[in-house]
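Enquirer: Shown below is the structure under consideration.
The values are calculated or read from the model by the stated rules, or taken from the named source; none is laboratory data. All values reported here derive from a predicted model rather than from experimental measurement. Don't worry about glycine lacking a Cβ; one is built from the backbone with ideal geometry, like all the others, and counts go over all protein chains shown. Each accessible area value is taken on the protein alone, full model and side chains, heavy atoms only, with ligands, DNA and RNA left out. Shrake-Rupley method; radii C 1.70, N 1.55, O 1.52, S 1.80 Å.
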Amino acid sequence: NFDIGNGDNGWGNQQLEYDTPYTTNVALDGDGFLQIIAREESYSGFSYTSGRIHTRDKVSLGYGRYEARLKMPFGLGLWPAFWLLGTDYAEVGWPDCGEVDIMELNGAYPLELHGTVHGPGYSGGSGVGMTYQSSEPLTSDFHVYAVEIEPERISFWLDDIQYQVLTPEDLPSGSEWAFDGEFFVILNLA
């Protein structure tokens, strides 16, 4: 599925692009790779277009491993993400549904991988997680980004390296663990 728009739909982080369903922004490249492409172009009042795709209402899963083999773009202003959102999003809202950012990368800092969780009392800039420092630019080749979600435990992986484990004890005092339900997958390039 495509998310279309720029946060006026109830999502977004003050991003500068308008996400479209067009093959100029999301397409297979002919060699079996899915590409999400940001373009500098005027569209619907915005100066950039890009793509945001998800599995909502198609595939959702609970406990288990979520992984993708991805090659990240390099460049100032680019923010690719591979993340999960609770399937009860429409009923309970964000952040109560739980969000797991498996991989976020600021394209201007290709050595820094962000892995974060968001829930009630720890969302937005107060999400719980860490920045992993890679020894090589994550934009130079494909890497496998993953999380394993278990009861009261989420582990984050880059290739074969487990770089972070979060449990309810890592949350701010009195906060609820929001990661025992089902999630759908989102891929986007902001």
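Enquirer: In terms of modelled amide H atoms, which long-range or inter-chain residues lie less than 5 Å from the amide H of Glu176?
Expert: Those lying under 5 Å, H to H, from Glu176: there are none.
Enquirer: If you put +1 on each Lys and Arg Cβ and -1 on each Asp and Glu Cβ, how big is the dipole of segment 93-180 around its Cα centre, in Debye rounded to 20?
Expert: Its charge dipole is roughly 200 debye.
Enquirer: Taking the Cα centre of each part, how many Å lie between segment 31-104 and segment 169-186?
Expert: Spelled out, the Cα-based centre of one part sits 18 Å from the other.
Enquirer: For segment 61-190, what is the accessible area per residue in Å² when the probe is 1.4 Å?
Expert: I get 46 Å² per residue for this part.
Enquirer: Normalised by the number of residues in the chain, what is the relative contact order in percent for Cα pairs under 8 Å and 6+ residues apart?
Expert: With pairs under 8 Å counted, the relative contact order is 24 percent.
Enquirer: How large is the convex hull of the C-alpha atoms of segment 36-168 per residue, in Å³?
Expert: 133 Å³
Enquirer: Also, I was wondering about something else. Just add up the charged neighbours of Arg52: K/R +1, D/E -1, any other residue whose Cβ is under 10 Å from the Cβ of Arg52.
Expert: Net of charged neighbours comes to -3.
Enquirer: Projected onto the charge dipole of segment 138-190 (+1 at Lys/Arg Cβ, -1 at Asp/Glu Cβ, origin at the Cα centre), which of Pro168, Phe179, Tyr145 gives the Cα projection farthest towards the positive end?
Expert: Value computed over the given set: Tyr145.
Enquirer: Tally Lys and Arg at +1 and Asp and Glu at -1 over the other residues with C-beta under 13 Å from the C-beta of Leu171: what net charge comes out?
Expert: -3
Enquirer: Quick one: Cα convex hull volume of segment 1-77, Å³ per residue?
Expert: Hull volume normalised by residue count: 141 Å³.
Enquirer: Where Lys and Arg each count +1 and Asp and Glu each count -1, what net charge lies around Leu105 among other residues with Cβ under 14 Å from its Cβ?
Expert: -4
Enquirer: Leaving out ligands, DNA and RNA, and with a 1.4 Å probe, what % of the accessible surface on the chain is carbon or sulfur?
Expert: Solvent-exposed carbon and sulfur of the chain make up 49 percent of the total.
Enquirer: Measuring from label point to label point, each 7 Å out along Cα→Cβ, what is the Asp159 to Lys71 span in nm?
Expert: 1.6 nm
Enquirer: For Tyr109 and Phe2, calculate 0.36 nm times their separation in residues minus their Cα-Cα distance, and state this gained length in nm to one decimal.
Expert: Residue separation times 0.36 nm, minus the Cα-Cα distance, leaves 35.8 nm.
Enquirer: Would you please give the residues with an amide H less than 5 Å from that of Arg52, counting only those at least 5 places away or on a separate chain, with H modeled from the backbone geometry?
Expert: The answer is Asp3, Thr20.
Enquirer: Here's a follow-up. Based on Cβ point charges of +1 for Lys and Arg and -1 for Asp and Glu, what charge dipole magnitude is obtained for segment 6-93 about its Cα centre, in debye rounded to the nearest 20?
Expert: In debye, rounded to 20, segment 6-93 gives about 260.
Enquirer: In the chain, if the dipole is taken from +1 on Lys/Arg beta carbons and -1 on Asp/Glu beta carbons about the Cα centre, which of Asn106, Gly75, Gly64 is farthest to the positive end?
Expert: Gly75
Enquirer: Let me ask something else. What is the magnitude of the charge dipole of segment 36-190 about its Cα centre, with +1 placed on the Cβ of each Lys and Arg, -1 on the Cβ of each Asp and Glu, and no other charges, expressed in debye to the nearest 20?
Expert: 540 debye
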